[in-house]
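Everything on this sheet refers to the single structure shown next.
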Amino acid sequence: ETGVTQTPRHLVMGMTNKKSLKCEQHLGHNAMYWYKQSAKKPLELMFVYSLEERVENNSVPSRFSPECPNSSHLFLHLHTLQPEDSALYLCASSQADTQYFGPGTRLTVL
Amino acid sequence: GQQVMQIPQYQHVQEGEDFTTYCNSSTTLSNIQWYKQRPGGHPVFLIQLVKSGEVKKQKRLTFQFGEAKKNSSLHITATQTTDVGTYFCAGPEAAGNKLTFGGGTRVLVKP
């Protein structure tokens, strides 16, 4: 399954670092999503982009900053994260209701 | 807002046995979707049900959409170790592109 790719697959960062997660979809979809998955909340929607416009921001702290430069790419810029932000970050895309997920980035914040 | 709940949260099954997991929505859904996430993997779309009372089968998996379109079930017969994973149901919100996911049922198979 290579319709949605994410890099890096694993990331370890300190609380003062700045990093970015990248997502790319090759399915021609018009909507993209960021989810956070942890033991506490299995699938927590963070952001929704439709036609490159942000249509949803689920009360996500400002230390997470999304960017959608075009319909195929989605970024999540990270800065000044906390250890509780350690989780699996999943990107997904859709054209209608069904969502197709990328493999995720396993983030560890030290 | 719309809420989707799944029970049980964990399902321990003896290999070869059957089990059912349930999904309930606080609102009527236009459709219900099921996803499977293997350990260490990501959610993968399994199926979508649209019609009231609809039943669909995928080999040993039987999916059902309730008559009121507010609940759904997944029944697995003759469970195998390949069935291990977390099964999520999800329903679209009335407007926009959002899916509301249930909390998932994590299936563990005892050989």
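What the table shows:
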{"item": "Coil-residue trypsin sites (Lys or Arg not before Pro) of segment A:1-91, DSSP, other Cβ within 10 Å capped at 12", "result": "A:R9, A:K40"}
{"item": "Residues along segment B:86-109 losing 40 Å² or more of accessible surface when the other protein chains are present rather than the chain by itself (probe 1.4 Å)", "result": "B:N97, B:K98, B:L99, B:F101"}
{"item": "Coil-residue trypsin sites (Lys or Arg not before Pro) of segment B:39-95, DSSP, other Cβ within 10 Å capped at 12", "result": "B:K51, B:K59"}
{"item": "With all protein chains modelled, accessible area of A:S72 [1.4 Å, Å²]", "result": "40"}
{"item": "Efficiency of FRET from Cβ geometry, A:L110 and A:S62, R₀ 22 Å, rounded to 0.05", "result": "0.60"}
{"item": "Value of relative contact order over segment B:37-87, rounded to a whole percent, pairs C-alpha under 8 Å and six or more apart", "result": "33"}
{"item": "Electrostatic dipole magnitude of chain A [Cβ: Lys, Arg +1; Asp, Glu -1; Cα centre; debye, to 20]", "result": "440"}
{"item": "Isolated Cys in the protein assembly as shown, by beta carbon distance under 4.7 Å", "result": "A:C68"}
{"item": "Accessible surface, per residue, of chain A when the full set of protein chains is kept, probe 1.4 Å, Å²", "result": "49"}
{"item": "Magnitude of the charge dipole, chain B, Cβ model with Lys/Arg +1 and Asp/Glu -1, debye to 20", "result": "200"}
{"item": "Computed over segment A:38-109: relative contact order in percent, which uses C-alpha pairs under 8 Å that are six or more apart", "result": "21"}
{"item": "Chain B: relative contact order in percent, alpha carbon pairs under 8 Å with at least 6 residues between", "result": "37"}
{"item": "Cα gyration tensor shape of segment B:35-111, rounded if a/c is under 1.5, else prolate or oblate by comparing a/b with b/c", "result": "oblate"}
{"item": "Hits among lysines - C-alpha to C-alpha of A:K22 under 28 Å, sequence gap 8 or more where chains match", "result": "A:K36, A:K40, A:K41, B:K36, B:K98"}
{"item": "Debye, to nearest 20: dipole size of the protein assembly as shown, +1 on Lys, Arg Cβ, -1 on Asp, Glu Cβ", "result": "320"}
{"item": "For segment B:98-111, 3J(HN,Hα) per residue [Karplus equation, 6.51 cos²θ - 1.76 cosθ + 1.60, θ = phi - 60°, Hz, x = Gly/Pro]", "result": "7, 10, 9, 8, x, x, x, 10, 8, 9, 10, 10, 9, x"}
{"item": "Max mean-square fluctuation residue, GNM over chain B, Cα-Cα springs under 10 Å, options B:L49, B:L29, B:L99", "result": "B:L99"}
{"item": "Net charge over other residues, Cβ less than 13 angstrom from the Cβ of B:F19 (K, R count +1; D, E count -1)", "result": "-1"}
{"item": "In sequence order, calculated HN-Hα J values of segment B:37-42 (Karplus, 6.51, -1.76, 1.60; Hz; x Gly/Pro)", "result": "10, 6, x, x, x, 10"}
{"item": "Accessible surface buried once B binds A (1.4 Å probe; total of both sides; Å²)", "result": "1500"}
{"item": "Per-bin percent of Cα-Cα distances, segment A:21-100 [5 Å]", "result": "3, 16, 28, 27, 15, 8, 2, 0"}
{"item": "Over the protein assembly as shown: Kirkwood hydrodynamic radius from C-alpha pairwise inverse distances, Å", "result": "18.0"}
{"item": "Solvent-accessible area per residue for chain B (1.4 angstrom probe, square angstrom)", "result": "48"}
{"item": "From phi via Karplus (6.51, -1.76, 1.60), per-residue ³J(HN,Hα) for segment B:60-74 in Hz, x at Gly/Pro", "result": "8, 9, 10, 10, 9, 10, x, 4, 7, 6, 10, 9, 8, 9, 10"}
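The values are calculated or read from the model by the stated rules, or taken from the named source; none is laboratory data. Remember, it's a predicted structure, so these values are computed and weren't measured experimentally. Reconstructed Cβ throughout: ideal geometry from the backbone, glycine too, with neighbour counts over all protein chains shown. The accessibility values were calculated without ligands, DNA or RNA, using every heavy atom of the protein model including side chains. Shrake-Rupley method; radii C 1.70, N 1.55, O 1.52, S 1.80 Å.
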